[in-house]
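**Student:** Quick one: the structure is below, questions incoming.
Read-outs throughout are calculated quantities, based only on the coordinates presented, and are distinct from any laboratory measurement. Owing to the predicted nature of the structure, the values given are computational and were not obtained by experimental measurement. Virtual Cβ from ideal backbone geometry, glycine too; neighbours counted across all protein chains shown.
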Amino acid sequence: MTSTIRESKAVKAGAIAFWLIVWEAASLLIGEELFLPSPVSVAARFIEIVPTSGFWTSVFFTLRRILLGFLLSVAAASLAASLSYRLQFFAVLVDPFVKIVRATPVASIVILVLVWVRSRNLSVIISFLMVFPIIYTNILEGLRATDKDLLEAASVYHITIMKKIRYIYLPSLSTYIQSAISISLGLAWKSGIAAEVIGLPDGSIGERVYEAKIYLSTPDLFAWTVVIIILAFLFERFFLGLSGYLLRRVEE
Amino acid sequence: MRVFIEEKKFGDKIIFQNASFEIPELSRTAVLGPSGCGKTTLMRILSGLDKDYLGRIESPPVNPVILFQEDRLSERISVMSNLIAVTDDRNKALSTLASLSLGGEEKSHIHELSGGMRRRVAIARLLLVDSDYVFLDEPFRGLDDSTRKKVSSLILEYAKNRTLVFITHDEEDLPILSSDNVIRL
């Protein structure tokens, strides 16, 4: 078992090394840092920017807002999905909103929202809007897939609503919740940063990315992109771990 | 309880027509018949789960408890969680499990259990709930002879001072549950 895990890690590390070599080779071939900086210069720039206070200010600025948008969306979408499950007219009412938000390009929504709100809180609203349809659809689908026979038995045994949620709905929803979180977290980051690049709120990661582009500082652009990837990865790991832990507790 | 069913249909198929039964209070009534003759449908009508028929029930049961033919347990949670869903008395749940030879299985998940063990968990859940009317649909499904005896004595003990209606296709179940009233379909 341990050797299999070690082998699997070695294969993954090998794949990463392969793409770093391809990147380095392409950078050498182009020979122009402006178009494609080498992994070494991106790493050097990354190491340079991380200890600065500006870096952490930008990271926390963006992190706070995307996190807030994500959590508000999870709460609102869960509530809306529960209401839609119970009330058909509510499901009909919410359906066009979900379909329109899902079909509209992020850039259009960002520009529209910028008309109404200050750019400072733009990423909260954008990550909220992008996450909502995914969480809503998954939870509603999970609720509708809950075993009807089990619910009938619960009604015969006079199981309270809180116990139904704890012992029937949540275990039935667990795979839907995990899947929704996995998909929506990545989207929250992508859309949140895209919104900041368009809206340019002061002190955000989006503004740093935009400045890197304006000043033709491609290593900075790459370094900030690496930061975004790392944050999105940690964000996903944390929430998937947390939701997995909570759902396992429910299944005990 | 007096039951008059003028007609019960599934689509165009007539299941019952002009049928009437009586289930005396505190009796142990067996509903006997071959597979597919409508025993479970009748149980659903008697227990009030199915109201889609022409007819009437006089003195219908109030809040009956039912052992369904399918176990209807929450698969992804533990045995104990399935029981705690119907009672807050953890000790009573544990002793009921032990009386059904399921001691030590409280942390097992339902999907880890055999068919016979699941059936006993479903029976344990039934025994933890209080009701004047008890409906059992094929209660011994998947149980071997010795377990069947143990389970039947627990059910009979539970059914004291309650009206018991059980559904079976097996005539041998009638003496096991001491039936004193038989409805043959």
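**Student:** Kindly provide the helix-only [θ] at 222 nm of the protein assembly as shown, computed as the sum of -39,500 (n - 2.57) over DSSP H runs of four or more divided by all residues, to the nearest 500 deg cm²/dmol? Intermediate results must be reported in sequence, preceding the final value.
**Tutor:** Values: 17 runs with 267 residues, N = 437.
About -20000 deg cm²/dmol.
**Student:** How do B:MET80, B:MET43, A:MET162 rank when sorted from fewest to most other Cβ atoms within 10 Å of their own Cβ? Numbers along the way, then the final one.
**Tutor:** Numbers: B:MET80 18, B:MET43 24, A:MET162 8.
Ascending number of Cβ neighbours within 10 Å: A:MET162, B:MET80, B:MET43.
**Student:** Amide H neighbours of B:PHE166 under 5 Å, at least 5 residues apart or on other chains, H built in the peptide plane: list them.
**Tutor:** Those lying under 5 Å, H to H, from B:PHE166 are B:THR29, B:ALA30, B:VAL31, B:LEU136.
**Student:** Another one. Listed here are the pairs A:LYS12/A:LYS213; B:LYS92/B:LYS149; A:LYS99/A:LYS148; B:LYS13/B:LYS149; which of them are more than 29 Å apart at the Cα?
**Tutor:** Working: A:LYS12/A:LYS213 31 Å; B:LYS92/B:LYS149 21 Å; A:LYS99/A:LYS148 27 Å; B:LYS13/B:LYS149 38 Å.
Over 29 Å Cα-Cα: A:LYS12/A:LYS213; B:LYS13/B:LYS149.
**Student:** Report ³J(HN,Hα) in whole Hz for each residue of region A:15-31, in order, from the Karplus equation J = 6.51 cos²θ - 1.76 cosθ + 1.60 where θ = phi - 60°; Gly and Pro get x.
**Tutor:** Going residue by residue, I get 5, 5, 4, 4, 6, 5, 5, 4, 4, 4, 4, 5, 5, 5, 5, 6, x Hz, with x marking Gly and Pro.
**Student:** What is the order of B:LEU102, A:LEU34, fewest Cβ neighbours within 10 Å to most?
**Tutor:** Values: B:LEU102 20, A:LEU34 10.
Fewest-to-most Cβ neighbours within 10 Å comes out as A:LEU34, B:LEU102.
**Student:** I would also like to ask the following. So for region A:15-160, what are the equivalent ellipsoid semi-axes in whole Å, largest first, each being the square root of 5 times an eigenvalue of the Cα gyration tensor? Present the calculation step by step, with values, prior to reporting the outcome.
**Tutor:** Working: eigenvalues 393, 90, 55 Å².
Rounded to whole Å, the semi-axes are 44, 21, 17.
**Student:** GNM, chain A, Cα, under 10 Å: largest mean-square fluctuation among A:ALA13, A:ALA26, A:ALA145?
**Tutor:** A:ALA13
**Student:** Run the numbers for A:VAL40 and A:GLU211: contour at 0.36 nm per residue of separation, minus the present Cα-Cα distance, in nm. If you can, show how the numbers build up before the last one.
**Tutor:** Numbers: separation 171, 0.36 × 171 = 61.56 nm, distance 2.13 nm.
Length gained between A:VAL40 and A:GLU211: 59.4 nm.
**Student:** Continuing with the same structure: For peptide A:243-249, how many partner chain Cβ atoms fall within 10 Å of a residue's Cβ, on average? Intermediate results must be reported in sequence, preceding the final value.
**Tutor:** Working: counts 0, 0, 0, 0, 1, 0, 0.
Average neighbour count from other chains, rounded to a whole number: 0.
**Student:** A further question on this structure: To make sure I understand, if each residue's beta carbon is the centre and we count other beta carbons within 10 Å, what order do A:SER119, A:SER82, B:SER146 fall in, fewest to most?
**Tutor:** Values: A:SER119 19, A:SER82 16, B:SER146 9.
Result, fewest neighbours first: B:SER146, A:SER82, A:SER119.
**Student:** Residues with amide H under 5 Å of B:ILE66's amide H, sequence separation 5 or more or different chain, H placed in the peptide plane at 1.01 Å from N; which?
**Tutor:** For B:ILE66, the qualifying residues are B:PHE135.
**Student:** Please turn the phi angles of region A:217-227 into ³J(HN,Hα) values with the Karplus equation 6.51 cos²θ - 1.76 cosθ + 1.60 (θ = phi - 60°), one per residue in order, whole Hz, x for glycine and proline.
**Tutor:** 9, 4, x, 4, 4, 5, 4, 5, 5, 4, 4
**Student:** What percentages, rounded to whole numbers, describe P(r) for the protein assembly as shown computed over all alpha carbon pairs with 10 Å bin width beginning at zero?
**Tutor:** P(r) over the protein assembly as shown, rounded to whole percents: 4, 16, 19, 18, 14, 11, 9, 6, 2, 0.
**Student:** Please tell me the relative contact order of chain A in percent, rounded to the nearest whole number, where contacts are Cα pairs under 8 Å and at least six residues apart.
**Tutor:** Numbers: 259 pairs, mean separation 63.8, N = 252.
In percent, rounded to a whole number, it is 25.
**Student:** Still on this structure, please answer the following. Quick one: Karplus J couplings for region A:235-252, per residue in order, coefficients 6.51, -1.76, 1.60, θ = phi - 60°, nearest Hz, x for Gly and Pro?
**Tutor:** Listing the rounded values in order: 4, 5, 4, 5, 6, 5, x, 5, 5, x, 4, 5, 5, 5, 4, 4, 7, 5 Hz.
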